[in-house]
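**Q** Here you go, one structure.
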Amino acid sequence: MDVWRGRDDVPADLGRTVVTIGNFDGVHLGHQHVLRRSREVAGERGGLPVVAVTFDPHPLAVLRPEHAPTLLTSIEQRAELLSGAGVNHVFVVAFSMEVAAWSPEEFVDRVLVPLRVVAVVVGANFRFGHRAAGDVATLRELAEDRDFTVEGVPLDGGPQVWSSTYVRTCLAAGDVEGAAEALGRPYTVRGVVVEGHKRGRALGYPTANVPTSGTTAVPEDGVYAGWLRRLDESEGPWLPAAISVGTNPTFDGRVHHVESYVLDRDDLELYGVEIETSFIARLRGQETFDSIDQLVVQMADDVSRARSVLGAPEPGET
């Protein structure tokens, strides 16, 4: 998988391509539908490579920063997911006010033509160019004298139109199962483990703490059942976990983080390691307890419920 961050990164000997365009944040089922059709078109054209054109930063982060959405995926995660969906190359447009001012025609000539495009496949609601002046019909008109075809693909997911906004709405409500349905996989969060106050270890539940950035979407504060894996050079298997999202209000915490206890493991050394946390089911909301004893009782119940949800064995079982 090649990630090109500008025209200078595009190989001079690039052959003809099939291009799909979008933010692709989350690479949800709607995106996957478009990507599947892109691969089909590429196959019909003799097995051409598929190039996904995406944007960094998110256009709203430039145009209306106060309305910029939290992101479901980093560019790196997006590229991995796009590769898994059959994309051969990713072209990242460095979005800026200058790019925002491009007319639809300028966008085509500056982005698509250099990619030697023979076919473009986009969602039926695709808009592009200054003030979103262009749509699929505009793109077809511009394609006529540039020797490529255009196809708009509906993004319907039955009664629900899949979208990144829908996934964010699910996460904000703690509905990680709804988010997973729209994504076609559980939602995950990545981050580097930092040293915390080690309260969990003192209580018998050592945790891996990852501060949230504020720019990445996380589920609503609460406790979840899920999985954890490390992403460093010794990338390991997915391990069952009870996951807390929030600020530890019982201890008057102020730092928002994702805190994961890997079931029955107190031997993991994860400080400074990038991990990925996968959310499967919400167990409860965030609570403030009157005593440490009450908290410990609740944590034991959380772990028991997480074990049941995940089908993880009891300690000593195989």
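Values quoted throughout were computed directly from the atomic coordinates according to the rules given, and no laboratory measurement underlies them. The structure presented is a predicted model; accordingly, all values stated were derived computationally and were not measured. Note that we place each Cβ from the backbone using ideal geometry, even for glycine, and neighbour counts take in every protein chain shown.
**Q** Towards the positive end of the charge dipole of region 184-310, with charges on Cβ (+1 Lys, Arg; -1 Asp, Glu), say which of ASN248, VAL194, THR277 has the farthest Cα.
**A** Positive-end residue among those listed: THR277.
**Q** Of all alpha-carbon pairs in region 212-270, indicate the percentage at a distance above 16 angstrom.
**A** Cα-Cα pairs of region 212-270 separated by over 16 Å account for 52 percent.
**Q** Give me the dipole magnitude in Debye, nearest 20, for the chain about the Cα centre, with unit charges on the beta carbon: positive for Lys and Arg, negative for Asp and Glu.
**A** The calculation lands at about 440 debye.
**Q** Ok, one more. Using C-alpha positions alone, give me the convex hull volume of region 2-161 per residue in cubic angstrom.
**A** 112
**Q** Where does the chain land at 222 nm, in deg cm²/dmol rounded to the nearest 500, when only DSSP H runs of n ≥ 4 count, each adding -39500 (n - 2.57), divided by all residues?
**A** That comes out to -7500 deg cm²/dmol.
**Q** What net charge do the residues around ARG282 carry, taking every other residue with its C-beta under 12 Å from that of ARG282, with Lys and Arg at +1 and Asp and Glu at -1?
**A** Net charge in that neighbourhood comes out at -3.
**Q** Only residues of region 275-305 count here: report those whose backbone N is under 13 Å from the spot 7 Å along Cα→Cβ of LEU203, or say none.
**A** Counting backbone N atoms under 13 Å from the label point, the list is 286-303.
**Q** Using DSSP loop states and a limit of at most 15 other Cβ atoms within 10 Å to flag chymotrypsin sites (Phe, Trp or Tyr not before Pro), what is the longest stretch of the chain containing no flagged site?
**A** 1-237
**Q** Specify the residue with the greatest mean-square fluctuation among GLY174, GLY226, GLY236, computed from a Gaussian network of the chain linking alpha-carbon atoms under 10 Å apart.
**A** GLY236
**Q** Right, next: So in the chain, what percent of DSSP beta bridges are antiparallel if you round to the nearest 5?
**A** Around 60 percent antiparallel, to the nearest 5.
**Q** Of the trypsin sites (Lys or Arg not before Pro) in region 187-263, which ones lie in a loop per DSSP and count no more than 16 other C-beta atoms within 10 Å?
**A** LYS198, ARG254
**Q** Just to be sure I understand: with springs between alpha-carbon atoms less than 10 Å apart, which residue in VAL255, VAL192, VAL34 has the highest mean-square fluctuation in the Gaussian network model of the chain?
**A** VAL255
**Q** Here's something else I'd like to know. For region 158-244, what does the alpha-carbon gyration tensor say about shape, rounded, prolate or oblate, given a ≥ b ≥ c as the root eigenvalues, a/c under 1.5 as rounded, and a/b over b/c as prolate?
**A** Prolate is the answer for region 158-244, as a/c is 1.5 or above and a/b outweighs b/c.
**Q** Report the residue, chosen from GLY123, GLY214, GLY86, that carries the largest GNM mean-square fluctuation when the chain is represented by alpha-carbon nodes joined by springs under 10 Å.
**A** In this elastic network of the chain, the residue with the biggest mean-square fluctuation among GLY123, GLY214, GLY86 is GLY214.
**Q** So what is the relative contact order for the chain, in percent, with contacts set as C-alpha pairs under 8 Å and at least six apart?
**A** Taking the mean separation of contacting Cα pairs over the length of the chain, I get 16 percent.
**Q** Using the Kirkwood radius built from alpha carbon pairs, what does the Stokes-Einstein equation give as D for region 242-311 at 4 °C and 1.567 mPa s, in µm² per second?
**A** Translational D for this selection: 96 µm²/s.
**Q** In addition: May I ask for the percentage of alpha-carbon pairs in region 184-310 that lie more than 24 Å from each other?
**A** 19
**Q** How long is the gain from ARG64 to TYR271 if the chain were fully straight, where each residue apart is worth 0.36 nm and the alpha carbon distance is subtracted?
**A** 70.9 nm
**Q** Let me know the charge dipole size of region 184-310 about its Cα centre in debye, to the nearest 20, where only the beta-carbon of Lys, Arg (+1) and Asp, Glu (-1) is charged.
**A** 280
**Q** Quote to one decimal, in nm, the extra length available between THR216 and VAL113 on full extension: 0.36 nm per residue of separation minus the C-alpha distance between them.
**A** Difference between extended and current length: 33.8 nm.
**Q** Of TRP162, PHE126, THR216, which is farthest along the charge dipole of region 76-231 in the positive direction, counting Lys and Arg as +1 and Asp and Glu as -1 at C-beta?
**A** THR216
**Q** Oh, and also: Please state, to two decimals, what the Cα-based radius of gyration of the chain comes to when divided by 2.2 N^0.38 Å (N = residues).
**A** Rg over 2.2 N^0.38 Å, computed on Cα atoms: 1.14.
**Q** Need one number: nm distance between label points at SER304 and ARG131, each 7 Å from Cα along Cα→Cβ, rounded to one decimal.
**A** In this crude spin-label approximation the distance works out to 6.3 nm.
**Q** Starting from the Cα-Cα distance between GLU235 and ALA124, subtract it from 0.36 nm times their residue separation and give me the gain in nm to one decimal.
**A** Contour length minus Cα-Cα distance gives 36.1 nm.
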